[in-house]
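Presented below is the structure to which this report refers.
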Amino acid sequence: MKTKQPSVYIETSIVSYLTSRDSSSLLGAARQLVTRRWWARRSEYRVFISDVVLRECRAGDPVAAARRLEALREFPSLSVTARIVDIVESLVIQRIIPEKAVEDAFHISVATVHGIDLLLTWNFKHIANPVIQADISDYLAGVGLSLPFICTPEELLGEDDA
């Protein structure tokens with residue numbers, strides 16, 4: 001019996017690694033490669049983005065922005081609701097996520113409120129950070145929500161040698 005396809009919210013760092021010019025750093029090049037491998041398997045998932053992702057992808061160099069937006073056009077965009085804004089404000093007010101990283105709070109809140117299974121990211125500072133995740137998870141549990149599983153494309157691929 002086949003289980004349903006997991007839902008995945010892709011945060012902006014994913015599409016940035018996917019569409020950027022080849023990195024000269026070893027870590028950047030590895031993340032690009034792994035992201036491209038996951039991207040080739042994206043049909044195994046129900047993939048979603050949000051207006052926050054689209055806004056971030058529109059920023060910067062117009063040519064690079066066009067590449068990012070083109071990569072995202074196949075995915076439905078999840079709405080930002082009043083409940084999401086309330087959660088974002090609480091995460092910032094309680095200093096779980098710093099004000100300068102409010103977009104990261106939006107990514108987490110959108111994926112949570114819409115009941116997404118997985119949040120895919122390369123952002124280790126405020127999203128794929130286990131200490132911050134624990135605090136976010138505690139806060140969300142207090143308001144009756146569960147944090148999606150946060151992972152990188154490498155973890156999701158499950159390959160031993162990415």
Review point. What's the angle, to the nearest 10 degrees (0 to 90), between helix 82-93's Cα axis and the longest principal axis of the chain?
Key: 80 degrees
Check your understanding: From the square roots a ≥ b ≥ c of the eigenvalues of the alpha-carbon gyration tensor of the range 80-150, which class results: rounded (a/c under 1.5), prolate (a/b over b/c), or oblate?
Key -> rounded
**Study point:** Estimated dipole of the chain in Debye, rounded to 20 [Cβ of Lys and Arg +1, of Asp and Glu -1, Cα centre]
**Key:** 440 debye
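Using DSSP loop states and a limit of at most 14 other Cβ atoms within 10 Å to flag trypsin sites (Lys or Arg not before Pro), what is the longest stretch of the chain containing no flagged site? Provide the component values of the computation, followed by the final result.
On the way: sites that count: K2, K4, R21, R41, R73, R95, K125.
The longest such stretch corresponds to 126-162.
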Practice item. Could you check which residue among P62, P76, P98 shows the biggest mean-square fluctuation in a GNM of the chain with a 10 Å Cα cutoff? Key: P62
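Expected output is a single nm value to one decimal: the length gained when fully extending between R55 and E74, i.e. 0.36 nm times separation in residues minus the C-alpha distance. What is it?
Details: separation 19, 0.36 × 19 = 6.84 nm, distance 1.61 nm.
Roughly 5.2 nm would be gained on extension.
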Check your understanding: In deg cm²/dmol, rounded to 500, what helix-only [θ] at 222 nm does the chain give when every DSSP H run of at least 4 residues adds -39500 (n - 2.57) and the total is split over its residues?
Key -> -15500 deg cm²/dmol
Point to revise | Helix axis angle, 102-113 relative to the chain longest principal axis, alpha carbon, degrees | key: 80 degrees
Study note, to complete from the structure: GNM of the chain, Cα pairs under 10 angstrom: of G28, G115, G60, the biggest fluctuation goes to G60
Point to revise | Least to most buried among I96, I14 (fewest other Cβ within 10 Å first) | key: I96, I14
Review point. Under a point spin-label approximation (7 Å from Cα along Cα-to-Cβ), what is the D117-V92 distance to one decimal in nm?
Key: 3.2 nm
Check your understanding: Out of A82, A128, A29, any idea which swings most in a Gaussian network model of the chain, alpha carbons joined below 10 Å?
Key -> A82
Exercise for review: Using only Cα atoms, find the angle between the long axis of helix 26-40 and the longest principal axis of the chain, and express it within 0 to 90 degrees, rounded to the nearest 10.
Suggested key: 90 degrees
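Throughout, read-outs are computed from the coordinates displayed, never taken from laboratory work. Treat the numbers as computed from the prediction; the structure is a model and nothing was measured. FYI the Cβ positions are ideal-geometry reconstructions off the backbone, even for glycines, and counts take in every protein chain you see.
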